[in-house]
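Data first, discussion second: the structure below is written as structure tokens.
The values are calculated or read from the model by the stated rules, or taken from the named source; none is laboratory data. Since the model is a prediction, treat every value here as computed from it, not as a measurement. Here the Cβ positions follow ideal geometry from the backbone for every residue, glycine too, while neighbour counts run over all protein chains shown.
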Amino acid sequence: MNRRFDVAVIGKAGAGASSFINAIKDLKNDDTGAAQIALVGNRTNRWPTSYRHPRDPKLYFCDMPEISCSDFKADKYFEQAGFAVYDLFIIIASEPFMYIHTELAKEIQKRGKSFYFVCSKVDDVSYEMDEENNLLRIRKECTERLQIAGLTDHEVFLISSSRPSCYDFPLLKETLFNKIFSQEREKLLDISQTTLQKKKTIKLMPAIGNSIRAGGVATLVWLGPFDNYDAAIVIDIIKGYYKDFGLDDSSLSTLAGQVGKDVKDLKAVMTCPQASEITTNYISNLLIEFTPIESKVLRWVPVIGGAFCMARTGGVMVRFLNDLTENTNSVLRKALEGEERKSK
């Protein structure tokens, strides 16, 4: 994980938020570093308290201030407890979901972040002989209450923090860590996309300069009619673009090794030619494609021929910049695809 990731755990007093945090960290309630468990009738967390995951130093679970049925307002709660710093929310209840839980969910959803519903302490009500039907009943009740509130696309996890290998706890851990990785991946790709666009913008001005140079030389020595002329200028520049964007063979092999993938899989998502395919002949043919029919006559005129060389050389380089920007993003997505972490 490249940056700090904060998961907020929210519930009423006695819902088991602190015990859940300890269980997700593979700690017992009395272990060193465990979240403090409140005595019945006492409140221990009037302010958010963060606990670092032992195996992921940048992953934190935050024991949030308890929520109360007394005049509860979700927007006011987040103003006081903070919202922006948290990346993911877990709403936990030891009873069927109530108005305060669904209001929390609506507020989180409105603010554009993800959350999970967790029904804790299911072993307290599933000890009867017909445990399976009891669990089905709990899940149905929770789901129906969420549907009534207009929350239809959210899975409910039934857990017992005292039995983390049972019920939905293993599935919740896997889903949670995969979600964390997925959000990290998307943030990384967003950052990469911004970086790529900046890199493309930086390269545009030199591309225009090189096209002007090609047109100027063509004007001076009357090279407008010769298709191979500006190919010699373009090929070295475009090969440099491949290296700059990390799409040359060496860079792709290095990336494949870092993510444990076959370099062929990364190359398979590329729609532009491979770097090794960029030859003088390939560029010459491409330049011919960029030659309008009327220009094939006009380019014999010295000055017009120079302008023609400038326009088509610039067009080819800009096309490659656009294509390489898109292809780099595709390669990065492929590199990170299927790397979801499994809970430990």
Practice problem: Spot the failing condition for Ile148; the list is (1) within 30 Å of Asp26 (Cβ to Cβ); (2) modelled with pLDDT of 85 or more, and only one is missed. | Solution: (1)
Quiz item: Does Leu151 satisfy the condition of being touching a helix residue (DSSP H, G or I) at 6+ places or on another chain (Cβ under 8 Å) and not assigned by TED's automatic domain parsing to the domain that holds Phe20?
Solution: no
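For (1) outside any helix (DSSP H, G or I); (2) at pLDDT below 65; (3) out of contact with any Asp or Glu (no Cβ under 6 Å at 6 or more places or on another chain), each residue gets a yes or a no:
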| residue | (1), (2), (3) |
| --- | --- |
| Glu174 | no, no, yes |
| Asn178 | no, no, no |
| Ser182 | no, no, yes |
| Thr201 | no, no, yes |
| Ile208 | no, yes, yes |
| Arg213 | no, yes, yes |
| Leu220 | no, yes, yes |
| Tyr241 | no, no, yes |
Exercise. Just one of (1) under 27 Å from Ile148 (Cβ atoms); (2) at pLDDT below 85 trips up Arg46, so point out which.
Key: (1)
Quiz item: With respect to the numbered conditions (1) under 22 Å from Ala35 (Cβ atoms); (2) at pLDDT below 85, which one is the sole condition not fulfilled by Leu188?
Solution: (1)
